[in-house]
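The values are calculated or read from the model by the stated rules, or taken from the named source; none is laboratory data. Quick caveat: nothing in here was measured; it's all calculated off a predicted structure. Every residue, glycine as well, gets a Cβ built from its backbone with ideal geometry; the counts of neighbours run over all protein chains shown. Surface accessibility is based on the protein's heavy atoms, side chains included, excluding ligands, DNA and RNA. Shrake-Rupley method; radii C 1.70, N 1.55, O 1.52, S 1.80 Å.
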Amino acid sequence: ADGTLLHKLDKHTDWITDAAFSPDGILLATADRAGGAFIWEAGTLAMMYALPAHPAAITSLDWRGDSNLLATACEDGQVRLWE
């Protein structure tokens, strides 16, 4: 409410290109232009997983409805599924 910074994500090495909360609200996935993707605990922003990098920029993230599967899409046309 007062504009105070609550959390800062500092694992990305390039611009963040997408961010998506899991449907259950427990996790946050973020992706960057360097092909990196991370899974965070939404409440605290503690990093839970660093996903192996794509060879190019990640252009999109999307969660399955049950929050147990994340899809990442890369600029080179690859789509990877993470369980």
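Residues are listed down the side, and each one gets a yes or a no for (1) at pLDDT 90 or above; (2) touching a Lys or Arg at 6+ places or on another chain (Cβ under 9 Å); (3) at positive phi:
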site	(1), (2), (3)
11	no, no, no
14	no, yes, no
42	yes, no, no
57	yes, yes, no
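Please work out which residue is farthest from residue 14 (Cα to Cα), limiting yourself to region 49-63 and to residues that are free of Cβ contacts under 8 Å to residues at least 40 places away in the same chain and loosely packed, with under 14 Cβ neighbours inside 10 Å.
Here the answer is 49.
Here's a check for you: in region 64-79, which residue that is free of Cβ contacts under 8 Å to residues at least 40 places away in the same chain and within 13 Å of the chain's Cα centre (by Cα) is least open to solvent (accessible area, probe 1.4 Å)? Among them, the one singled out is 74. Any residue in region 15-42 that's among the charged types (D, E, K, R): show its pairings with residues that are part of a loop (DSSP other than H, G, I, E, B) and surrounded by 15 or more Cβ atoms within 10 Å (Cβ to Cβ) at Cβ separation under 6 Å, as long as the two are six or more apart or on different chains. Listed by first residue and then by second, the contacts come to 32/12; 33/57.
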